[in-house]
1. Could you count how many residues in the stretch 37-49 are in a helix (DSSP H, G or I) and either surrounded by 16 or more Cβ atoms within 10 Å (Cβ to Cβ) or β-branched (V, I, T) (or both)?
2. Could you list, in sequence order, the residues of the stretch 1-17 that are touching a residue at least 60 places away in the same chain (Cβ under 8 Å) and of a type in the set (V, I, T)?
3. What helices (runs of 4 or more DSSP H) completely inside the stretch 50-156 contain at least 3 residues that are among the small types (G, A, S), in contact (Cβ under 8 Å) with a residue 60 or more places away in the chain and buried (at least 16 other Cβ atoms within 10 Å of the Cβ)?
4. Please enumerate the residues belonging to the stretch 186-203 that are under 9 Å from L113 (Cβ atoms) and surrounded by fewer than 22 Cβ atoms within 10 Å (Cβ to Cβ).
5. Scan the stretch 1-60 for residues that are within 17 Å of I117 (Cβ to Cβ) and hydroxyl-bearing (S, T, Y) and report the count.
6. Considering only the stretch 157-203, state which residues are basic (K, R) and in a helix (DSSP H, G or I).
7. Is there any pair linking a residue in the stretch 18-34 that is over 16 Å from L156 (Cα atoms) and touching a residue at least 12 places away in the same chain (Cβ under 8 Å) to one that is among the hydrophobic types (A, V, I, L, M, F, W, C) and surrounded by fewer than 13 Cβ atoms within 10 Å (Cβ to Cβ), with Cβ under 9 Å and at least six apart or on different chains, and which?
8. Being of a type outside the set (A, V, I, L, M, F, W, C) and modelled with pLDDT of 95 or more is the filter here, so list the residues in the stretch 152-181 that pass it.
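The values are calculated or read from the model by the stated rules, or taken from the named source; none is laboratory data. Because the structure is predicted, anything quoted here is derived from the model rather than measured. Using ideal geometry, Cβ is built from the backbone for each residue, glycine included, and neighbour counts are taken over all protein chains shown.
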Amino acid sequence: MKKVLVAIFIAFLLWCLMFSPWTAPHLSFWACMTTAAVILIGISLCLLPDFKAQWHFSPKEIAIGIASAAILWGIFWIGDKLSSMMFAFAKPEVNAIYGLKGNGNPWLIGAALLLVIGPAEEIFWRGTVLRAFLGRFRWPLAVMLAAAIYSLVHILSLNFMLVMAALACGIFWSVLYAWRRDLVAVTISHCLWDVAVFLIFPI
């Protein structure tokens, strides 16, 4: 567990660099995000001697991944409409999140999300962090702790909607992982949701 806590601290530092108002304007977001993802995969490989055992490809796991991505997109679509009606700051903050795309090539962004960023986040946040918590706590507490940490690493963005979006995603994918105890469905879900919400069907 100590090694996992150190890994979380490293992730926190990486996310601070990417999102804090003091460093983010001077960095290329997608280059930093991709680099951070590679670092997280490296950390996870060092902490997971049975890494391959967490992947069981089957039509069922793939279908669950696809369906859950669609469900999460629907949840965010509803959440966006409700938050825009309730809070004046909601839409500008959501637009700021989409502003992270900048003028980047959408094909390169999509490839990074599908092949590096999405898988890396699931391997680290669910396959490493949540898995460690599930080994020490009952699953509801483990899920909430992992989701809370996943949300809080975005705190220096000073963007309430981004922090809440991370919390919602953290809970959703943590519950999915706790249910399946496998990385296939949750990784497919994360990758497809990322590409859909950022590039194909923006909310």
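1. Of all residues in the stretch 37-49, those in a helix (DSSP H, G or I) come to 37-47.
Add one more test, that the residue is either surrounded by 16 or more Cβ atoms within 10 Å (Cβ to Cβ) or β-branched (V, I, T) (or both), and what stays is 37-41, 43-44, 47.
Matching residues across the stretch 37-49 total 8.
2. Result: V4, I8.
3. On the way: elements: 59-86, 90-98, 106-112, 118-121, 131-134, 139-152.
Result: 59-86.
4. Within the stretch 186-203, D194, V195, F198, L199 qualify.
5. 4
6. Let us first name the residues in the stretch 157-203 that are basic (K, R), namely 180-181.
Within the stretch 157-203, R180 is the sole residue that qualifies.
7. W30/L108
8. Going residue by residue through the stretch 152-181, those that are of a type outside the set (A, V, I, L, M, F, W, C) are 154, 157, 159, 170, 174, 177, 180-181.
Scanning the stretch 152-181 gives G170, S174, Y177.
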